[in-house]
Amino acid sequence: MSIEVLMTTISNVIEAKYTPSEIEGKWVEKWSKEKLYEVTEDSQKPKSYVLIEFPYPSGDRLHVGHARSYSCLDAVARLRRMKGMNVLYPMGWDAFGLPAENYAIKTGVHPSVTTKQNIDHAKKQAMAWGLSFDWTREVNTTDPDYYRWTQWIFIKLFEKGLAYKEEITVNWCPSCKTNLANEEVVDGKCERCGAETERRKQAQWLLRITAYADRLLEDLNTVNFREDIAAQQINWIGKKAGINIRYKVQGARFKNQEIEVFTTRPDTNFGATFVVLAPEHDLVAQVAKTSVKVRNYVKTALDKSERERQMEGKKKTGVFLGLYAINDLTGDQMPIYVSDFVLSGFGTGAVVGVPGHDVRDFEFAQAMKLPIRRVVVGNDGDTTEITKIEQVQEEEGIMVNSGFLDGLDIHEATVRVMDYMEEKGLGKRASSYHLRDWIFSRQHYWGEPIPMVHCSKCGWVPVPEEQLPVKLPQVEKYQPSGTGQSPLATISEWVNTTCPACGGKATRETDTMPNWAGSSWYFLRYCDPLNNKVLGDKEKLAYWLPVDWYNGGMEHTTLHLLYSRFWHKFLYDLGIVPTAEPYARRTSHGVVLGPDGKKMSKSKGNVINPDEVVSKYGADTLRMYEMFIGPFEQSVAWSWESVEGVFRFMKRVWTLITSQETNMVTQSSGEAVRRLHALNKKIENDLEGMKFNTAVAAMMEFLNWWTDHKSELGKAEIEKFVLLLAPMAPFISEELYQRLRGPSDKFSSVHTQSWPKYEVEFERDQEVTMVVQVDGRVRAKITTKASAERTEIEKLALEQENVKKYLDGKKYRVVFVPGKVVSFIVE
RNA sequence: GCCCAGGUGGCGGAAUGGUAUACGCGUUAGUCUCAAAAACUAAUGAGCCAAAAGCUCGUGUGGGUUCGACUCCCACCCUGGGCACCA
């Protein structure tokens, strides 16, 4: 033992100093032994399902960002438990993923080994932080007993026609050697490794999430998501209402064909002068057979990576196909082009060009020297020929040169022309979506095997339910082959199997599922984690669902959140889950930035290790600091000085409550009772309202008052103060509570006590400071009872010197706001 | 370009129509100490003033509504996040 440690130990004994390391560990063990946070269905109690996003157990351990959201929601879970609710606050591991696989590629250590080590460590961290998880419900997505059901859901999707395999152009990451979902490509680069993605044609499994687009959109109205989360989902689904218009094609070999275009602006159709098709369009392929020019253009366009397309900017290129489409409104022949600015995945992959009223069409018309017609006059009143891009009238205006639409506002005209087209059979109202089907195949080892078998006679056949799970086999090399096949393809004894349908020779699917699979339904498994008959018992699911409060990162808004809503709705349709939506309320936390205000990263050297905070200041300080750091939904920079501030608070609480002087007080003053009452209400409202920072501030404020009025708080009120502290700082409050209670045979934790109730009558007796204003300026302050009469208060206000001075015999009128202000307005 | 969030002391922030700057940090002074640290006490938006009292100004900018605006309305500027050749 060093001298320093010895000195500290001695002084602790003498002064009974606050030493978190001496109290926290012992309570973790005690709570676990007492099964304090274990929960079962109880129809007598109102349930509350509080959920945080389960982490990926990485080698970097849980970081201060995890600590922030887990601590805050833990305070909510603890508060609700004390309020008598049956609270489910579970934890698990989203453990399939690249880091473990990459580590395996480098070292040959099986990912399950690394994963287990990481989970063990992270679990120790979570326990040390005093998080009240029910560990008997822990789930792990890489556990075959878990992914058996992930595979089972996939088979159900397949059976309902919502999973299908198709040759598509995919985003290929040459570094990760796998394809990526559209959502995983950011700025033409791989979201994970940053390598530029390439385009490849490959057969892939897709999930038909687009079949649920409308419901995913509409049901947002039935849940309480933070507004920007809902807005982002709406944007991502990107529903646009319009019309599909059919045009007859004119040209030697294509006489009987038609082209269908999607547009949201059929009102401008009298101004249409050309049609443009995406390079992937069928008609383009037909023309390409005989036209070298078209063939070359299509080839170049399809070879371009996402990145190259962006580099080229918005410069318009294209080739005339030598064909025309007939505009039924005008009888005009419109030349048909192919151009890569038209996307095959949106609408019908074909657009009608109205260069006067769409900037992209204008640019294309200029590049191809096509005619430009004005059919709308905007608010600027400009009726001249459109020759400059600034003149393109898109947003509003009145129809001109448009036959029966002339004189109508564009919005009325849109409805009128759609009715007309539908009546004449020229088109049909339709919607188009930004949302695409979910590319579900990955060529990695460390993921759930897709439980499908391919038979040359029967096609794709699902593995029979009783043979699930299809376990991940051992491989020699974890490295993806690079040919577009996962490492599983090299194990011929695993790949070669028999067809479950006909018994003939067949091969297994060797692709695995993406990361998002296991996390799309984990919250269901928490309700019944050990069930080996079904994914979850119906009654248990009915008891716990929906999740009452789900908190997670903003980065999961368009991926995980949408995917899991989709799976949940699918399971709802199968009658497996009781609710159409999984999450009743969704919030998200801000990122904890480094002390320099930048995102934490190893390369910047600004990473804060939560374990270091715990060993230096204790878990209670870590928790309360992370609550106090700033508004929960906002990103905030780490500040060691503020950690010190919170630690000072903990020390002051400790010293005050353990001191002899404080414990001599037998009777609380009225003011103390009233203040504590107000605090009680504030903590409850702030925690439920996600205002963790002001909840901590209120505790501090009360402590400041108490420090100045040490003789005013008796034992009952001190105990109440400790109860109010318990959800936020579980360790110190347990320790102090037990000390206040004194020795007892039967252990009764502070965390199983009832939350104090606040009563309205306290508010009536409350003293309030009212402001006296003259002409809107504060001239005096008076203190009265909240229940005082208006006339009495006004009289008091008029007696104030500084008020008299300004009124001075003048005529005035009075505005009176009870409890707040008396305002004199000189006439 | 479109959608969302935000702009308040030296710093993190509080206040959603009624005392702007709660709470924390920092700074200054003091107590304790041989000294320092810790702890405790006090002060701390700016200006006028020796000081106090008092007055004036002050929440990104410019207008408006109101007895009264950080808060509501209109226009604009800036920062962060999301989407983006989506017809």
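The values are calculated or read from the model by the stated rules, or taken from the named source; none is laboratory data. Model, not experiment: these values are computed from the prediction. FYI the Cβ positions are ideal-geometry reconstructions off the backbone, even for glycines, and counts take in every protein chain you see. Ligands, DNA and RNA are stripped out before the accessible areas are found, and what is left, the full protein with its side chains, is counted by its heavy atoms. Shrake-Rupley method; radii C 1.70, N 1.55, O 1.52, S 1.80 Å.
A few remarks follow.
- Of all residues in the range A:177-196 being open to solvent by less than 20 Å² (accessible area, probe 1.4 Å) and of a type in the set (A, V, I, L, M, F, W, C), the one that is modelled with the lowest pLDDT: A:Ala181
- Checking each residue in the range A:146-168 for being β-branched (Val, Ile, Thr) and touching a Ser or Thr at 6+ places or on another chain (Cβ under 9 Å) picks out A:Thr150, A:Ile153.
- Qualifying residues in the range A:215-237 (those that are surrounded by fewer than 16 Cβ atoms within 10 Å (Cβ to Cβ) and within 16 Å of RNA strand B (Cβ to nearest atom)) - the one farthest from the chain's Cα centre (by Cα): A:Asn221
- Qualifying residue in the range A:342-354 (condition: more than 10 Å from RNA strand B (Cβ to nearest atom) and modelled with pLDDT of 95 or more): no
- Close Cβ contacts (under 9 Å, 6 or more residues apart or on different chains) running from residues in the range A:638-656 that are within 8 Å of RNA strand B (Cβ to nearest atom) to residues that are of a type outside the set (Ser, Thr, Tyr) and part of a loop (DSSP other than H, G, I, E, B) comprise A:Ser639/A:Pro595; A:Ser639/A:Ile629; A:Ser642/A:Ile629; A:Phe647/A:Gly618; A:Lys651/A:Lys17; A:Thr655/A:Ala16; A:Thr655/A:Lys17.
- Some residue of the range A:377-389 being under 23 Å from A:Lys240 (Cβ atoms), open to solvent by less than 30 Å² (accessible area, probe 1.4 Å) and either within 11 Å of RNA strand B (Cβ to nearest atom) or assigned to a loop (DSSP other than H, G, I, E, B) (or both): yes
- Among the candidates A:Pro727, A:Pro743, residue that is modelled with pLDDT of 95 or more and more than 15 Å from RNA strand B (Cβ to nearest atom): A:Pro727
- For the residues A:Ile259, A:Ile209, A:Ile243, the requirement of being touching a His at 6+ places or on another chain (Cβ under 9 Å) and buried (at least 17 other Cβ atoms within 10 Å of the Cβ) singles out A:Ile259.
- Applying a threshold of 6 Å to beta carbon distances and a minimum spacing of six or more residues, or different chains, the list of pairs starting in the range A:804-827 at a residue that is closer than 17 Å to A:Glu789 by Cβ and ending at one that is open to solvent by 60 Å² or more (accessible area, probe 1.4 Å) reads A:Phe816/A:Arg790.
- Look at the range A:282-298: where a residue is more than 16 Å from A:Thr348 (Cβ to Cβ) and a partner is of a type in the set (S, T, N, Q), sitting 6+ places away or on another chain with Cβ atoms under 8 Å, you get A:Tyr297/A:Thr317.
- Of the criteria (1) in contact with a His (Cβ under 9 Å, 6 or more places away or on another chain); (2) within 16 Å of A:Gln443 (Cα to Cα); (3) surrounded by fewer than 19 Cβ atoms within 10 Å (Cβ to Cβ), which one A:Pro487 fails: (3)
- Out of A:Phe346, A:Phe341, sole residue that is crowded, with 17+ Cβ neighbours inside 10 Å and either in contact with a strand residue (DSSP E or B) (Cβ under 9 Å, 6 or more places away or on another chain) or over 30 Å from A:Glu184 (Cβ atoms) (or both): A:Phe341
- For the range A:782-816, residues that are in a strand (DSSP E or B), farther than 16 Å from A:Gln766 by Cα and either under 54 Å from the mean Cα position of the chain (by Cα) or near RNA strand B (Cβ under 9 Å from one of its atoms) (or both) total 4.
- Flag for A:Ala697 being at pLDDT below 95 and closer than 30 Å to A:Thr587 by Cβ: no
- Among the residues making up the range A:324-341, those that are closer than 20 Å to A:Gln366 by Cα, more than 16 Å from RNA strand B (Cβ to nearest atom) and outside any loop (DSSP other than H, G, I, E, B) are A:Tyr324, A:Gln333, A:Pro335.
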